[in-house]
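Just below is one structure, and these are the notes that go with it.
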Amino acid sequence: MTEPAHLTATRAGYDALADRYGELSQAALDGAPLDRALLSAFAEMVGADHADPLVLDVGSGPGTIAAHLAGLGLRARGIDLSPAMVSRARRDHPGIRFDVGDMSALGLGDAAAAGLVAWYSLIHVPTGRRQEVIDEFHRVLRPGGHVLLAFQVGEDTLHLDEAFGHPVSLDFHRLRVDDVAALLVRSGFEPTARLVRAPDPTGAAAKIPQGFLLARKPAQGSSVRRATRDGGGGADQGEV
Ligand SMILES: C[S@@+](CC[C@H](N)C(=O)[O-])C[C@H]1O[C@@H](n2cnc3c(N)ncnc32)[C@H](O)[C@@H]1O
């Protein structure tokens, strides 16, 4: 079967950028106190609800987020489309497992993970394929499991033909918070929190708003039903 073109292009792009991206990644997290606060809250919520919690970092890149979560006491594991990113992550974080893979087929059993983070990786999934990806996140999470998403907020798509001096063909889809929340609800998640960080005119990267969404897969026995695909919500699903 032929691979979708966006996967081939994204893999090639991040293979070319892996080293430079890896060099910048830790400093970016160190300079983002709100991001770290959210990751801490997420880690605390997952740890409180699950013993020995396995947490997936989906689109793990150089492994910075997985390593940060491991430092917060979670059993973190990464998966990324780009073999060069996975090599870099394994080299820099030898105590953490990183696998090459696609987020639409995570290669894990149902309900295998207690938490899942997709930190600026859903932005590479085209609009028509985002629901199946969120469905896959829902499948691999245990009842009561938590998901945390980070993405650039907007309605357009930035296309780059060049980055850090390398020719690439990368699409960065900016996402509307309401649209991502609706995808989560349709998969059966309950959104629990949302944050939009304002653009930082002095920052190098964050010149547009950054969105963060937390959601939970309802615990077994909860009254929340999986939402219907015709737009109807399940019982008790509030707007977040
Ligand atoms: C902007 S980088 C973010 C990396 C990391 N999460 C971070 O914040 O440092 C996006 C990452 O998502 C990965 N990615 C994109 N599409 C993917 C897919 N379909 N499955 C798995 N990983 C994917 C890319 O290879 C890249 O490493």
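Taking residues in the stretch 15-33 that are more than 16 Å from residue 86 (Cβ to Cβ), and partners anywhere that are among the basic types (Lys, Arg) and at pLDDT below 95, the pairs with Cβ atoms closer than 9 Å and at least 6 places apart or on different chains are 32/197.
What number of residues within the stretch 140-175 satisfy the criterion of being of a type in the set (D, E, K, R) and within 25 Å of residue 106 (Cβ to Cβ)? Spell out how you get there, then give the answer.
From the stretch 140-175, those of a type in the set (D, E, K, R) are 142, 155-156, 161-162, 171, 174; that's our starting set.
Restricting the remaining residues to those that are within 25 Å of residue 106 (Cβ to Cβ) gives 142, 171, 174.
Total meeting the criteria: 3.
Taking the residues in the stretch 28-72 that are part of a loop (DSSP other than H, G, I, E, B), of a type in the set (A, V, I, L, M, F, W, C) and out of contact with any helix residue (DSSP H, G or I) (no Cβ under 8 Å at 6 or more places or on another chain) as candidates, determine which candidate is modelled with the lowest pLDDT. Give the steps one after another, and end with the answer.
To start, the set of residues in the stretch 28-72 that are part of a loop (DSSP other than H, G, I, E, B) comprises 31-32, 50-53, 59-63, 72.
The next check asks that each one be of a type in the set (A, V, I, L, M, F, W, C); those that pass are 32, 51, 72.
The next check asks that each one be out of contact with any helix residue (DSSP H, G or I) (no Cβ under 8 Å at 6 or more places or on another chain); those that pass are 32, 51.
Numbers: 32: 92, 51: 83.
Looking at the filtered set, the residue picked out is 51.
Against the condition within 9 Å of the ligand (Cβ to nearest atom) and not in a helix (DSSP H, G or I), how does residue 25 come out, does it pass? Spelling it out, it is not the case that residue 25 is within 9 Å of the ligand (Cβ to nearest atom) and not in a helix (DSSP H, G or I). Looking only at the stretch 124-134, decide whether some residue is more than 14 Å from the chain's Cα centre (by Cα) and assigned to a strand (DSSP E or B). There is no residue in the stretch 124-134 that is more than 14 Å from the chain's Cα centre (by Cα) and assigned to a strand (DSSP E or B).
Within the stretch 74-92, the set of residues being within 15 Å of residue 21 (Cα to Cα) and more than 8 Å from the ligand (Cβ to nearest atom) comprises 83, 84, 86, 87, 88, 89, 90, 91, 92. Going by what's in this entry, would residue 45 be described as more than 13 Å from the ligand (Cβ to nearest atom) and touching a strand residue (DSSP E or B) at 6+ places or on another chain (Cβ under 6 Å)? So residue 45 passes the test. Residues that are over 18 Å from residue 70 (Cα atoms) and either open to solvent by less than 70 Å² (accessible area, probe 1.4 Å) or more than 9 Å from the ligand (Cβ to nearest atom) (or both) within the stretch 12-22 comprise 12, 13, 14, 15, 16, 17, 18, 19, 20, listed in sequence order.
Applying a threshold of 7 Å to beta carbon distances and a minimum spacing of six or more residues, or different chains, the list of pairs starting in the stretch 52-80 at a residue that is on the phi < 0 side of the Ramachandran plot and in contact (Cβ under 8 Å) with a residue 60 or more places away in the chain and ending at one that is within 6 Å of the ligand (Cβ to nearest atom) and of a type in the set (Gly, Ala, Ser) reads 58/121; 80/59; 80/60; 80/61. All conditions but one from (1) more than 11 Å from the ligand (Cβ to nearest atom); (2) surrounded by 15 or more Cβ atoms within 10 Å (Cβ to Cβ) apply to residue 71; the one that does not is (2).
The values are calculated or read from the model by the stated rules, or taken from the named source; none is laboratory data. Bear in mind the structure is a predicted one, so any value in this text is a computation, not a measurement. No Cβ is skipped: glycine too gets one built from the backbone with ideal geometry, and neighbour counts run over all protein chains shown. Just the protein is used for accessible areas: all its heavy atoms, side chains included, with ligands, DNA and RNA removed. Shrake-Rupley method; radii C 1.70, N 1.55, O 1.52, S 1.80 Å.
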